[in-house]
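Engineer: What follows is a structure written as structure tokens; I'll ask about it next.
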Amino acid sequence: MGSVSRLRFILVAALGASLAVAPSAAAQKPEDVTRVESAVTQLAGGKRAAAGDVAANERAAAKALLKCKSGGPGWKRIRSVKVAAQRGLYTRGAKQLWKDLNEVALERAALDAYRSSFERFLGRFDRPLADPVLQAGIEAWRKRIAFYEASTGFATCKRFDKLLRPVRQFEENVRADYLAGDIYNKMVRFVADSRRKAAARHWGSRFDAALDAARAQLVALGGDEGYASYFSWGHSLRGA
């Protein structure tokens, strides 16, 4: 083979090699995407590993609240009311309050079990992402965890009994119906009102939108759809 032919062969071989690796290079994901997908993978594993802790926490929470399901100072107040209509109203309110607090306690049990996984996940983004849409998704994540902390920390028998302190017997008249009804309403609305206050401080539709936008952006940047979806709802307290 002459020197010119040999040179042409070398150049063609080099060009072929560069074309062979070009698709692989083009398929490489941006660093932001790989960082998110790596963090999501670890988060999913951490949440699955915490399943036993969730169950143990739920049992402990249920046991703690069982003390005021039908006994304690709050129920003693209700049973001391001699007017049947008022006593019945308070009883319905207390049962609903206890049920609502029990649901909150179960969410707190999950949060306590998942907290370390959530903290590790967010800690991986102490160095912000370059993409502003993805970074907004991380900030929404931080707000969601703050919302959980504020909206699940009050499910105790101490709180239950405190909310029943206003319970008393009123002289039977129209005003009595209003006063007893006001106490009842505060019982049955307490959890919903507390959640609304927590959401006003820490959450809102704009953060839901930020998570949705981040999910779409991950896919647009070449990320896996499954990872992207998990990024948007992996903060859930209901299952891994």
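Engineer: Select, from VAL167, VAL191, the only residue that is of a type in the set (Val, Ile, Thr), part of a loop (DSSP other than H, G, I, E, B) and at pLDDT 95 or above.
Structural biologist: VAL167 is the lone residue from the list that is of a type in the set (Val, Ile, Thr), part of a loop (DSSP other than H, G, I, E, B) and at pLDDT 95 or above.
Engineer: Among (1) more than 13 Å from the chain's Cα centre (by Cα); (2) within 30 Å of ILE183 (Cβ to Cβ), which single condition is ARG120 missing?
Structural biologist: That leaves (2) as the condition not met.
Engineer: Tell me, which residue of region 68-104 that is under 31 Å from the mean Cα position of the chain (by Cα) and among the polar types (S, T, N, Q) is farthest from ILE183 (Cα to Cα)?
Structural biologist: ASN102
Engineer: For SER229, indicate whether it is among the hydroxyl-bearing types (Ser, Thr, Tyr), out of contact with any strand residue (DSSP E or B) (no Cβ under 7 Å at 6 or more places or on another chain), in a loop (DSSP other than H, G, I, E, B) and modelled with pLDDT of 95 or more.
Structural biologist: So SER229 does not fit the description; no.
Engineer: Turning to a different aspect of this structure: What's the number of the condition CYS157 fails, among (1) surrounded by 13 or more Cβ atoms within 10 Å (Cβ to Cβ); (2) free of Cβ contacts under 8 Å to residues at least 24 places away in the same chain?
Structural biologist: Checking CYS157 against (1) surrounded by 13 or more Cβ atoms within 10 Å (Cβ to Cβ); (2) free of Cβ contacts under 8 Å to residues at least 24 places away in the same chain, the one that fails is (2).
Engineer: Can GLU139 be described as farther than 23 Å from CYS68 by Cβ and touching a residue at least 12 places away in the same chain (Cβ under 8 Å)?
Structural biologist: Yes, satisfied.
Engineer: Sticking with this one: Mind checking whether some residue in region 78-95 is under 30 Å from SER232 (Cα atoms), surrounded by fewer than 19 Cβ atoms within 10 Å (Cβ to Cβ) and without any contact (Cβ under 8 Å) to a residue 60 or more places away in the chain?
Structural biologist: Looking through region 78-95, none of the residues is under 30 Å from SER232 (Cα atoms), surrounded by fewer than 19 Cβ atoms within 10 Å (Cβ to Cβ) and without any contact (Cβ under 8 Å) to a residue 60 or more places away in the chain.
Engineer: Is there a residue in region 42-56 that is of a type in the set (Asp, Glu), part of a helix (DSSP H, G or I) and modelled with pLDDT of 95 or more?
Structural biologist: yes
Engineer: Follow-up. Taking ALA214, is it surrounded by fewer than 19 Cβ atoms within 10 Å (Cβ to Cβ) and in a helix (DSSP H, G or I)?
Structural biologist: For ALA214, the condition - surrounded by fewer than 19 Cβ atoms within 10 Å (Cβ to Cβ) and in a helix (DSSP H, G or I) - is not met.
Engineer: Same structure, new question: Under 7 Å by Cβ, and 6 or more places apart or on different chains, what pairs join a residue from region 106-131 that is free of Cβ contacts under 8 Å to residues at least 24 places away in the same chain with one that is assigned to a helix (DSSP H, G or I) and not basic (Lys, Arg)?
Structural biologist: Close Cβ pairs (under 7 Å, with a partner that is assigned to a helix (DSSP H, G or I) and not basic (Lys, Arg)) amount to LEU122/TRP141; PRO128/GLN135.
For (1) farther than 17 Å from LEU221 by Cα; (2) in a helix (DSSP H, G or I), each residue gets a yes or a no:
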site: ALA105; (1), (2): yes, yes
site: ARG108; (1), (2): yes, yes
site: TYR114; (1), (2): yes, yes
site: PHE125; (1), (2): yes, no
site: LEU129; (1), (2): no, no
site: LEU134; (1), (2): no, yes
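The values are calculated or read from the model by the stated rules, or taken from the named source; none is laboratory data. Keep in mind that what you see is a predicted model, and the values were worked out from it rather than measured. Don't worry about glycine lacking a Cβ; one is built from the backbone with ideal geometry, like all the others, and counts go over all protein chains shown.
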